[in-house]
Amino acid sequence: QTGPVIDMPVPASFNDITQDPSLENYIGWVWYEKEVLLPLRWQDDLNTRVVLRFGSAHYYSIVWVNGVQVVEHEGGHLPFEADISSIVQDSPGIPCRITVALNNTLTPHTLPPGSIQYMNDKTRYPKNYFVQNIRFDFFNYAGIHRPVVLYTTPSVYIDDITVTTTSSESVAMVQYQVSVVGSTLYSLSLSLHDEEGKVVATGDGPAGELKVLNPNLWWPYLMHKNPGYRYSLQVKMQAQVNGALLEDVYTLPVGIRTVHVTSTQFLINGRPFYFHGVNKHEDADIRGKGLDWPLVVKDFNLLRWLGANSFRTSHYPYAEEIMDLCDAYGIVVIDECPGVGIKLPESFGNKSLQHHLVVMEELIRRDKNRPSVVMWSVANEPASELPPAAYYFKTVIAHTKALDPSRPVTFVTDANYALDCGAPYVDVICVNSYFSWYHDPGHLEVIPLQLTTQFENWYKTYQKPIIQSEYGADSVPGLHSVSVVDALDGKKHCSSSRYVIGELIWNFADFMTNQGTTRVLGNKKGIFTRQRQPKSAAFVLRERYWKIANESSCLPPIIKSHTLFL
């Protein structure tokens, strides 16, 4: 121990837990440590593989077990793990000491980028005083934000499964690839079960396809009376090692659905899909970005009450537990990597690019089998008007498509349509704009004209479907004026344009930011408060979204009217 030691819950951000103001904005190394007793059978059986897994940690992590370094990982928001079998099996019955060094410093080459600025004016700042500059508008929470688990597999085990699906009205094909590590001598059997547990298809071997007759497709919320239908793919591996039969079984939820993009439409299972949803943040009082199950479930109840069918994981990958519920409830996801705040020319160099490619590999490996994920987003509001952005985004998008050819790829832009160097490479144009807020403030009457002009310029230039991926305005709960006309009315022009395929309001709920002259205790653009109480905008948006759902849904009217009044 080289300094003070305090209790710290995991998962949680460390910033708001204590009464120490220096920890709130702390930049640098922190250390976590915990001792656990492992079951003796884990330590006695040399055919058992013991794994230590982190759901995420911000941002640079080094992990030791019993003083032996086992893994390093750069970047937050995504999982990493280490095989610790040899360490713990060398010391049976001894407590397993897990030590984590965590550094939340951001550089121009991390995702998200940042920079350290030293204040050298000794008349204004103490010696060695510095600040971390960031170019994104949310609080840079740090800590171990998601669960840390120990689990076991046999020494020969299923390492990865990749599933893609195709379908017609009467038959679907589930293509699979299974990776096994630890031996080249093994057998694989697969069985696909419906929600009642009935086996509907079987297969064997590391690659192949399963034929499903009269399939139940995975449909988005409000697009079908039974959204989020998932089969269960059971993969069983058996191998003989030193005379012992090893068996590893993994069950993967599988949603059968297709995604296709035309010049004017986004098709799910061959039917036009209109995104009416939100942007979110992993953000809450006290725990910051730490996983909070009650809050997660509350948010999904609010989404469905709102009539939202989709959201973007702005501006980083969300917890796997959140993504599981998207799959189950039929909430469509634009899955975004932490590429936010890419503003400086040095953040478009080769060092940044190589890290960005690795991040996309980690994200796709984690979420590639999720039916709710219909599109990857590789960045939010980068300086895509800079010349280096052309090669940068051409490379990132091509790499993403090579990893996953089954989904479209985008990034979210706030650049001028005529200057955007990355837009030629995306499949869907996602545009952020804040009419009558950051410009022409209060003049809501100009929104329809400016919005129409924006859409026409983008579509004439690129001939690609468009999502209004952000719009909104700050609001204070309880503060009303008869002179303020609801700005959401301007968004009726979104769904009336044939090539506009969606609208995602900014933001679902108020969230914390750095303190600033325009940010007093956070960003107030949420339609819900940070404590998830509805503002007036929530009721206006709910009326709009349910109207869109009723007009586009294939559900019987009695289902729609019943759902409307939940």
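The values are calculated or read from the model by the stated rules, or taken from the named source; none is laboratory data. None of the values given here were measured: they were computed from a predicted structure. Glycine also receives a Cβ, built like all others from the backbone with ideal geometry; neighbour counts cover every protein chain displayed. In case anyone asks, the SASA skips ligands and DNA or RNA and just uses the protein heavy atoms, side chains included. Shrake-Rupley method; radii C 1.70, N 1.55, O 1.52, S 1.80 Å.
Okay, here's what the table says:
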{"quantity": "Simple label model, 7 Å out from Cα along Cβ direction - E196 to N214, nm", "calculated": "1.0"}
{"quantity": "Alpha carbon centroid spacing (whole Å) that separates region 39-112 from region 7-26", "calculated": "22"}
{"quantity": "Relative contact order %, region 84-220, counting alpha carbon pairs below 8 Å whose residues are six or more apart", "calculated": "14"}
{"quantity": "Segments 456-466, 425-435 sorted - mean Cβ within 10 Å per residue, highest first", "calculated": "425-435, 456-466"}
{"quantity": "Helical segments meeting 18 Å axial Cα length and Kyte-Doolittle -1.0 threshold in the chain (DSSP H)", "calculated": "293-306, 350-367, 388-403, 447-462, 536-552"}
{"quantity": "With DNA, RNA and ligands ignored, accessible area of L111 (1.4 Å probe; Å², nearest 10)", "calculated": "10"}
{"quantity": "Label-point gap, in nm, between N350 and Q117 - each point 7 angstrom along Cα→Cβ", "calculated": "3.0"}
{"quantity": "Per-pair calculated FRET efficiency, R0 = 45 Å: A101 and D204 via Cβ, rounded to 0.05", "calculated": "0.50"}
{"quantity": "Rh by Kirkwood over Cα pairs, then Stokes-Einstein D for region 71-188 at 1.567 mPa s and 4 °C, µm²/s", "calculated": "65"}
{"quantity": "Inter-probe distance in nm under a simple model that places probes 7 Å from Cα toward Cβ, at V5 and S22", "calculated": "1.9"}
{"quantity": "Mean ellipticity per residue at 222 nm, deg cm²/dmol - from DSSP H runs of n ≥ 4 across the chain, formula -39500 (n - 2.57)", "calculated": "-6500 deg cm²/dmol"}
{"quantity": "For region 292-413: relative contact order, % (alpha-carbon pairs under 8 angstrom, 6 or more apart)", "calculated": "26"}
{"quantity": "Computed accessible area, W305, all protein chains, 1.4 angstrom probe, square angstrom", "calculated": "60"}
{"quantity": "Per residue convex hull volume, Cα atoms of the chain, in Å³", "calculated": "172"}
{"quantity": "For I84, residues with placed amide H under 5 Å, excluding near neighbours", "calculated": "V50, V51, L52"}
{"quantity": "Label zone at L357, where the point sits 7 Å out along the Cα-to-Cβ direction: region 367-404 residues whose backbone N lies under 11 Å", "calculated": "395-400"}
{"quantity": "Relative contact order, percent, the chain [alpha-carbon distance under 8 Å, six or more residues apart]", "calculated": "13"}
{"quantity": "Region 259-552, accessible surface, carbon-and-sulfur percent (1.4 angstrom probe)", "calculated": "58"}
{"quantity": "Tensor-based shape of region 115-272 (alpha-carbon gyration tensor, a/c under 1.5 rounded, otherwise prolate or oblate)", "calculated": "oblate"}
{"quantity": "Full-stretch length increase - A244, V131 - with 0.36 nm per residue and alpha-carbon distance subtracted", "calculated": "34.9 nm"}
{"quantity": "Cα-based shape type of region 259-552, given that a ≥ b ≥ c are square roots of the gyration tensor eigenvalues and the cut on a/c is 1.5", "calculated": "rounded"}
{"quantity": "Efficiency of FRET from Cβ geometry, S187 and V36, R₀ 35 Å, rounded to 0.05", "calculated": "0.50"}
{"quantity": "Heavy atoms of W437 accessible to a 1.4 Å probe, total area in Å² rounded to 10", "calculated": "90"}
{"quantity": "In sequence order, calculated HN-Hα J values of region 11-23 (Karplus, 6.51, -1.76, 1.60; Hz; x Gly/Pro)", "calculated": "x, 5, 6, 7, 5, 10, 7, 9, 9, 8, x, 5, 7"}
{"quantity": "Spin-label proximity, Y391 to region 339-370 - amide N less than 17 Å from point 7 Å beyond Cα toward beta carbon", "calculated": "344-357"}
{"quantity": "Cβ-Cβ FRET estimate between T166 and T529, R0 fixed at 60 Å, reported to 0.05", "calculated": "0.85"}
{"quantity": "Ranked by how many other beta carbons lie within 10 Å on average, peptides 3-11, 85-93, 310-318, 71-79 from highest", "calculated": "310-318, 71-79, 85-93, 3-11"}
{"quantity": "Separation between Cα centres of region 316-339 and region 406-447, rounded to whole Å", "calculated": "22"}
{"quantity": "5 angstrom amide H check on M119, placed H, neighbours 5+ away", "calculated": "Y129, F130, V131"}
